[in-house]
Amino acid sequence: MVKRSSTSSWVVSIIMMSTVLLAGSVGGSVFETDKRLHITNLHQINDDLYAACEKITIDGAIEGDLLGAASSIVINGHVFGSANIFAQDVRHSGRVDRTLRAFGMDIEVGGFVGRALLAGGLHIEIGPAAVIEQGVNLWGQSISVSGTIRGNASTLEADTIIIDGTFEGDVSLKAKQIRIKAATVITGNLTYETIDTSGIEISDGAIIEGETVWVPCCGTESSDDEGDDFTSDFLLSSSKLLAAFLFGIIIVAIFRRHALESFRQLRDRFSVSLASGFLALLGFAFSLMVLAVSLVLMVVGLIVSTTDSAAIGVAALVFSILMLPITSFTAVSGGIIFYAGKIVMAFLIGYWLVRIFKTKPIELGKWQLLVGLIILTIIFAVPVIGFFVYLLAAIAGAGAIVLSIRQNRSHPEAPSSKLPQPKEQP
């Protein structure tokens with residue numbers, strides 16, 4: 001059951017990201033890509049803030065919306081609009097006048113949210129000082145709520161849910177284990193879904209003014225499997241994103257000339273890159289078929305060479321010995337190229353996003369890579385559509401890499417001093 005909630009959160013993320021991209025053309029917005037961004041309590045931004053940094057700290061005021069992507073994001077100040085956050089660690093103890101959307105590993109909310117809170121992560125904690133005016137929608141592995149949640153309806157889905165706060169409305173809980181402590185006050189109805197009624201513990205002193213309704217899960221084995229889906233999917237997606245980010249940084253550092261040419265081929269000749277990628281895909285598939293045939297012929301050759309048809313067996317062995325190194329190298333190289341294809345696409349998406357706000361973005365910025373990978377990861381998680389987008393990104397990016405290899409072979413390598421050098425945005 002939890003898996004459906006994780007899919008919902010990804011869909012909401014896509015909608016939110018699309019809204020941000022459409023709104024990005026509005027003049028006056030502020031885009032920051034510093035390594036560390038700190039809006040002190042002496043500063044005020046009079047419009048929307050878009051930031052992709054290693055760490056973002058907001059102690060001052062943002063009169064518009066906040067879109068942040070970072071390793072750590074801390075909000076101690078005032079966001080007059082909505083806050084949309086993608087980070088490993090999220091800490092909010094300030095004030096967000098509209099909706100707060102947070103996606104990360106560890107999320108801690110101890111401030112004010114004027115509308116709804118939408119959060120997805122491994123560990124989510126709503127502290128005792130938190131006030132959420134229009135309900136919460138939370139997905140995670142563990143959720144703890146000690147603050148005040150207003151609004152008519154709230155939904156929480158996790159493996160473990162602990163409630164020690166106030167819900168001024170109806171509450172829907174879905175978890176393996178639910179614990180409602182003595183200080184809890186629920187003024188509406190409580191609907192909870194567990195494997196059986198022993199999955200919930202309601203302490204003496206807890207106040208539930210409405211009805212308490214239990215909804216059984218679809219079975220112990222299925223519930224256990226689905227209960228682990230969010231955690232495993234989230235960890236897997238996060239690990240893939242981190243691995244792709246590190247791979248991209250390493251590739252740029254070692255093969256910057258090839259990486260830069262691949263990026264430019266994809267940016268300037270997208271249709272040609274896509275066509276080249278399809279041709280490369282056919283060659284990759286053919287090499288895999290020949291590799292499989294070579295392995296079969298090796299086994300057959302070993303068997304037949306001990307019989308009366310030794311000549312046929314020897315011929316099969318010779319063919320397989322000749323083809324195995326070639327096809328193995330081609331298969332491995334092709335796999336690496338197609339994996340790197342999405343890295344090139346992520347660079348391009350981040351570049352396009354930055355170009356909305358800056359006239360001359362750098363071509364291989366690491367934070368542009370991070371933003372591009374986050375967007376691709378969100379889209380890839382969408383059923384069916386995500387699969388085709390993944391294929392398109394990998395094929396087009398691989399085609400750009402093939403074109404860059406051909407281009408660099410046709411022209412002598414330029415001295416490294418003439419190549420554009422990486423630098424951070426001021």
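In the range 190-211, what residues are farther than 16 Å from S142 by Cα and either in a strand (DSSP E or B) or open to solvent by 60 Å² or more (accessible area, probe 1.4 Å) (or both)? Answer for the range 190-211, where residues must be farther than 16 Å from S142 by Cα and either in a strand (DSSP E or B) or open to solvent by 60 Å² or more (accessible area, probe 1.4 Å) (or both): L190, T191, D196, T197, S198, I202, D204, I207, I208, E209, E211. Residues of the range 32-63 that are modelled with pLDDT of 85 or more, open to solvent by 10 Å² or more (accessible area, probe 1.4 Å) and under 27 Å from the mean Cα position of the chain (by Cα): L37, H38, I39, D47, D48, K55, T57, D59. Residues that are surrounded by fewer than 16 Cβ atoms within 10 Å (Cβ to Cβ) and under 23 Å from A396 (Cα atoms) within the range 280-304 comprise L282, G283, A285, F286, L288, M289, listed in sequence order. For G104, are the conditions met, namely being touching an Asp or Glu at 6+ places or on another chain (Cβ under 9 Å), assigned to a loop (DSSP other than H, G, I, E, B) and open to solvent by less than 40 Å² (accessible area, probe 1.4 Å)? Considered against the rule, which asks whether it is touching an Asp or Glu at 6+ places or on another chain (Cβ under 9 Å), assigned to a loop (DSSP other than H, G, I, E, B) and open to solvent by less than 40 Å² (accessible area, probe 1.4 Å), G104 comes out as no.
Checking the condition open to solvent by less than 40 Å² (accessible area, probe 1.4 Å) and out of contact with any Gly (no Cβ under 8 Å at 6 or more places or on another chain), which residue from G335, G277 passes?
It is G335.
Consider the range 167-176 and keep the residues that are part of a loop (DSSP other than H, G, I, E, B) and among the small types (G, A, S). The one that is farthest from I202 (Cα to Cα) is G169.
From the list R95, R101, the one residue that fits, being under 19 Å from D59 (Cα atoms), at pLDDT below 95, of a type in the set (K, R) and in contact with a strand residue (DSSP E or B) (Cβ under 9 Å, 6 or more places away or on another chain), is R101.
Taking residues in the range 39-53 that are under 15 Å from A69 (Cα atoms), and partners anywhere that are assigned to a loop (DSSP other than H, G, I, E, B) and basic (K, R), the pairs with Cβ atoms closer than 7 Å and at least 6 places apart or on different chains are C53/K35.
So is I312 exposed (fewer than 15 other Cβ atoms within 10 Å of the Cβ), of a type in the set (A, V, I, L, M, F, W, C), farther than 18 Å from L246 by Cβ and in contact with a helix residue (DSSP H, G or I) (Cβ under 6 Å, 6 or more places away or on another chain) or not? Against the criterion (exposed (fewer than 15 other Cβ atoms within 10 Å of the Cβ), of a type in the set (A, V, I, L, M, F, W, C), farther than 18 Å from L246 by Cβ and in contact with a helix residue (DSSP H, G or I) (Cβ under 6 Å, 6 or more places away or on another chain)), I312 qualifies.
The set of residues in the range 70-84 being crowded, with 22+ Cβ neighbours inside 10 Å and in a strand (DSSP E or B) consists of A70, I73, I75, V79, A83, N84.
Yes or no, residue by residue, for (1) open to solvent by 40 Å² or more (accessible area, probe 1.4 Å); (2) at pLDDT below 80; (3) closer than 18 Å to R264 by Cβ:
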position: L348; (1), (2), (3): no, no, yes
position: W352; (1), (2), (3): yes, no, yes
position: L392; (1), (2), (3): yes, no, no
position: S404; (1), (2), (3): no, no, yes
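Take the residues of the range 117-166 that are of a type in the set (D, E, K, R) and assigned to a loop (DSSP other than H, G, I, E, B): which is most open to solvent (accessible area, probe 1.4 Å)? Among those that are of a type in the set (D, E, K, R) and assigned to a loop (DSSP other than H, G, I, E, B), it is R150. Screening E221 with (1) open to solvent by 40 Å² or more (accessible area, probe 1.4 Å); (2) among the charged types (D, E, K, R); (3) over 22 Å from G140 (Cβ atoms); (4) modelled with pLDDT of 80 or more gives one miss only, at (4).
Quick test for you: out of K360, K366, pick the one residue that is among the charged types (D, E, K, R) and surrounded by 16 or more Cβ atoms within 10 Å (Cβ to Cβ).
K366 is the lone residue from the list that is among the charged types (D, E, K, R) and surrounded by 16 or more Cβ atoms within 10 Å (Cβ to Cβ).
So for the range 299-313 (the condition being small (G, A, S) and closer than 30 Å to G248 by Cβ), does at least one residue qualify? The answer is no; no qualifying residue exists. Mind listing whichever residues of the range 266-325 are assigned to a helix (DSSP H, G or I) and among the charged types (D, E, K, R)? Correct list: R267, D268.
The values are calculated or read from the model by the stated rules, or taken from the named source; none is laboratory data. Here the structure is a predicted model, which means the values were calculated and not measured. For neighbour counting, all protein chains shown are included, and Cβ atoms are generated from backbone atoms with ideal geometry for every residue, glycine included. In case anyone asks, the SASA skips ligands and DNA or RNA and just uses the protein heavy atoms, side chains included. Shrake-Rupley method; radii C 1.70, N 1.55, O 1.52, S 1.80 Å.
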